[in-house]
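First the structure, in the form of structure tokens, and then the observations on it.
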Amino acid sequence: MRKSYISSVLFGVLAAASLTVSAAETAKMTPDKPAVVQVAEAAKVNLNNADAPTLQRELSGIGEAKAKAIVAYRDANGAFASVDELLEVKGIGVAILEKNRDKLSVN
């Protein structure tokens, strides 16, 4: 019983140390931004350069046809000026936009 308790405590300490080192390494990459902000920015899908498979994979409620419609709209009308312009794409409504708003960018 005592050996399993010591093993569990040791595992917990090593796991915590590993996470601390990993977070410190991430923070060293770009010290001007916190690691949390970097992860949040990396998770966003840029409407102006994402291809159809990426849109389909990363966005909720976007299948192959809607992903291709987004790319076709962008090709025909130029870059998206704002995330709200996505509503101009046929098949994209307010519900889909709001479900994905936090995942989208136009930068």
Quiz item: Long-range amide H contacts for SER105: which residues qualify at under 5 Å (H placed 1.01 Å from N, peptide plane, sequence gap of 5 or more or a different chain)?
Solution: VAL45, ASN46, LEU47
Exercise. Report the dimensions of the stretch 45-105 along its three principal axes from the alpha-carbon atoms, largest first, rounded to Å.
Key: 24, 21, 19
Practice problem: Quote to one decimal, in nm, the extra length available between ASP102 and LYS44 on full extension: 0.36 nm per residue of separation minus the C-alpha distance between them. | Solution: 20.1 nm
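Readers should treat all values here as calculations from the given coordinates under stated rules, not as data from a laboratory. What you are looking at is a predicted structure, and each value in this text was computed from that prediction instead of being measured.
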